[in-house]
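Student: Got a structure for you, questions after.
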């Protein structure tokens, strides 16, 4: 955890375990709140922003994986939705 005066910034990363999309979205909302704080130091803001961008990438990757599981190419070449 990074401490700057009265502002605490947690290291916002994902553990190796599977994280639900809901948890990811909740953490992204936390990042947004931290970035909207006018008292955040610029160095801390960059760290929080970088962490948030990684989370967004992870969310996008997870959504892509889910989409690929939902769409499957049938033996006749048609796209089947489950």
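The values are calculated or read from the model by the stated rules, or taken from the named source; none is laboratory data. Keep in mind it's a predicted model, so treat the numbers as computed, not measured. Heads up, the Cβs are rebuilt from the backbone with ideal geometry, glycines too, and the neighbour counts pull from every protein chain shown.
Student: Is it the case, given these coordinates, that residue 50 is part of a helix (DSSP H, G or I), modelled with pLDDT of 95 or more and exposed (fewer than 14 other Cβ atoms within 10 Å of the Cβ)?
Tutor: Taking the combined requirement at face value, the residue satisfies it.
Student: If the requirement is being at pLDDT 90 or above and under 14 Å from the mean Cα position of the chain (by Cα), which of these qualifies: 16, 23, 43, 36?
Tutor: Unique residue meeting the criteria: 23.
Student: Would you confirm whether any residue within the range 25-41 is out of contact with any strand residue (DSSP E or B) (no Cβ under 7 Å at 6 or more places or on another chain) and not in a helix (DSSP H, G or I)?
Tutor: There is at least one residue in the range 25-41 that is out of contact with any strand residue (DSSP E or B) (no Cβ under 7 Å at 6 or more places or on another chain) and not in a helix (DSSP H, G or I).
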